[in-house]
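The values are calculated or read from the model by the stated rules, or taken from the named source; none is laboratory data. Not measured: the values here are computed from a predicted model. A quick note on method: Cβ atoms are made from the backbone with ideal geometry, for glycine too, and the neighbour counts reach across all protein chains shown. Heads up: the accessible areas ignore ligands, DNA and RNA and are worked out on the full protein's heavy atoms, side chains in. Shrake-Rupley method; radii C 1.70, N 1.55, O 1.52, S 1.80 Å.
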Amino acid sequence: HREDAEPWSIRVADAATGRGREVWKARAGVGSAFHPLASGTLLWGDGRLVFPWERDGWSHLYSVAEGGGEAALLTPGEFEVEHAALAPDRRRVVFSSNQGDIDRRHIWRVGVTAGAKAAALTSGAGIEWSPAALDGGAVAFLRSDARQPARAAIQTAGGAGRDLAEGLLAADFPASAMVEPQPVIFPAADGMPIHGQLFLPRGGAAKKPALIFFHGGSRRQMLLGWHYMYYYNNAYALNQYLASQGYLVLSVNYRSGVGYGLNFREAINYGLTGASEYNDVIGAGLYVRGRADVDPKRIGLWGGSYGGYLTALGLARGSDLFAAGVDFHGVHDWSKLRDFGTNVAEERTAFESSPMAAVKTWRSPVLLIHGDDDRNVPFTETLRLVTALRAQKVDFEELIFPDEIHDFLSYRHWVESYQATVDFFARKMR
C-alpha cells in the first residue's frame, strides 16, 4: 500500500445516460492506493471536486476542476485530515486535522480553489472533530478534552465555541479528579520515534506500578483526551481510573496506527508479516522501566483486539520485562485467520509473528477476556491460547461473556470486564 498499487481515479457520469469519463487519476508511486477520510471520500464544491490524497505521504485535501486538470493541494504540511464537509456556499470546506497538535484534533476552514489558505477555527487543549458548516459562517462540531467526554458544540463566525446543551454530565462525574495526560515520544527498540500519552497519578509511592495500554485497530490513534470512538472512549476512561488507583499509565500509539503519515501506518513488516510493532512494545517497556518514579518489577500490559494481540505478544516474548497483562479478545495466531493457500513461507511468517509462536517463554500471569460470539476475532483464538498456557503451567484467568460480540453490546459487560481488569492488576502487581 505504500506505492505499488494500481493508481485510483475519479470519474464523473451522467445519471441519465450512464456515460462517464475520467476527470483525474492519481500518479503511480506514493498515494497510488486510495485512503479515504473518516467522513467519506468526495465533496462536490462550486465547480471543483474535493478529495483526499496521500501524494506526499500524508492524508490531505486536494481539489480539481470538475472538467478535469491538475489537482491543487489545499492542506499542505505534515499532518492528517480526518473529517471534512462542504460549507453551504460550496466554496469552502471545514475539516478536522492534527495540524500543529499531532495528538489532538482541531477544526479548520479552507477554500476549494487552488492557492487557498487554511484558517484555524479552534485551537487549545480541547479536541474537536466531525465539523458541519452552517449558514452565516457558524460551524457545529463534536468536542471533548482531557476531563470531559464528547458533546455537541457550535461556534458562530468570529465567536468562541460553546456547548449546545449544558449540564449533560452527571453531577457526580469526577471531571476534577482526572489527570491531564502528557504527550511523550520514546524510541522503539529499533529506534523509531513512538508517540504516547502519559497519565501520571497524583501522589502515592515514589516507585509506582506502571501499566502500558495498546489500542486496537490497528488503524487508530489515541489522543490527549476523551476519544471520539466509543470503544476508545471507554479505554480512555479506564486509563484515567487506573491512574486514580496509583498506576502510571502509558497509552502507546504504535506503528501501523493513523495520525503520523502513510509510512507510519503502512509500517514495514507489521502484524502478520513480521510483528514489527513488537519493537514499540519493548520500547515502551524500557521507557517506563527507566523512569525514576516506576517500580521496574511492576510493569503490566493491557489492550483489546489488536491491542490484545500486542499484550499477548509482549507477555509471550517479554515476561522478564512485563509482570502481568490483561488481553481483551486478542489475536493469538495469525496463521489461523487467513487462507495462505500453498504459500508456506507467508504462513510460517504469520505464525512466527504471533504470541502462540513464543508461548514456551510466557511466564507472566494473564487475564483473558472474550465474548464467545465475537465476529471480528474468533473465540477460538482464546481457546487455543488457553490450551497452550495450561500446558505451560502459566497462571491465567478467564472472563467469558456468552453471546457477546467483539465491541461489547452490553454496558454491564464493559463495567464487569474493566472491574475485573482493575482487580486482576491489584492482585498480581501489588
Take residue 73 and residue 409, extend 7 Å from each Cα along the Cα→Cβ direction, and tell me the distance between the two endpoints in nm. 4.7
Summed residue charge, Cβ within 15 Å of residue 360's Cβ, Lys/Arg positive, Asp/Glu negative: +2
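At 1.4 Å probe radius, can you tell me the per residue accessible area of segment 118-249 in Å²? Please report the intermediate quantities before stating the final value.
On the way: 5550 Å² over 132 residues.
Averaged over the residues of segment 118-249, the accessible area is 42 Å².
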Treating cross-link reach as a plain straight distance, find the aspartates and glutamates whose alpha-carbon is under 13 Å from the alpha-carbon of residue 208, omitting any fewer than eight places away in the same chain. 293, 295
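Given 297/336; 297/360; 25/117, which pairs have Cα atoms separated by over 30 Å? Working shown, then result.
Values: 297/336 34 Å; 297/360 21 Å; 25/117 24 Å.
Table pairs above 30 Å Cα-Cα are 297/336.
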By how many nm would the segment from residue 17 to residue 320 lengthen if fully extended, with 0.36 nm per residue of separation less the alpha-carbon distance? 102.3 nm
What label, among [x] 157; [y] 228; [z] 170, belongs to volume of the Cα convex hull per residue in Å³ computed from the structure on display? [z]
Taking R0 as 30 Å, what's the FRET efficiency between residue 422 and residue 134 from their Cβ-Cβ distance, rounded to 0.05? 0.10
If I take all pairs of Cα atoms in segment 57-193, what percentage of them are more than 20 Å from each other? 54
Give, in nm to one decimal, the length gained when the segment between residue 293 and residue 336 is fully stretched (0.36 nm per residue of separation minus the Cα-Cα distance). 11.4 nm
Computed label-point distance, nm, for sites residue 373 and residue 346 using a 7 Å Cα→Cβ extension: 3.3
Solvent accessible area, Å² - residue 336, 1.4 Å probe, full protein context: 120
Could you work out the relative contact order of segment 137-281? I mean the mean sequence separation of Cα pairs under 8 Å and 6+ apart, divided by the number of residues, in percent. 23
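For residue 9 and residue 380, FRET efficiency with R0 = 35 Å and r from the beta-carbon atoms, rounded to 0.05?
Numbers: r = 41 Å, r/R0 = 1.17.
It comes out at approximately 0.30.
Could you work out [θ]222 nm for the chain from helices alone, using -39500 (n - 2.57) per DSSP H run of at least four and dividing by all its residues? Round to the nearest 500 deg cm²/dmol. Each step should come with its number before you reach the end.
On the way: 7 runs with 83 residues, N = 430.
Calculated mean residue ellipticity at 222 nm is -6000 deg cm²/dmol.
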What figure, in Å² to the nearest 10, do you get for the accessible area of residue 164 with a 1.4 Å probe and non-protein molecules left out? 100
Work out the FRET efficiency for residue 42 and residue 393 from their Cβ-Cβ distance, taking R0 = 60 Å, and round it to the nearest 0.05. 0.60
Accessible-area value, residue 176, 1.4 Å probe, nucleic acids and ligands omitted, Å²: 100
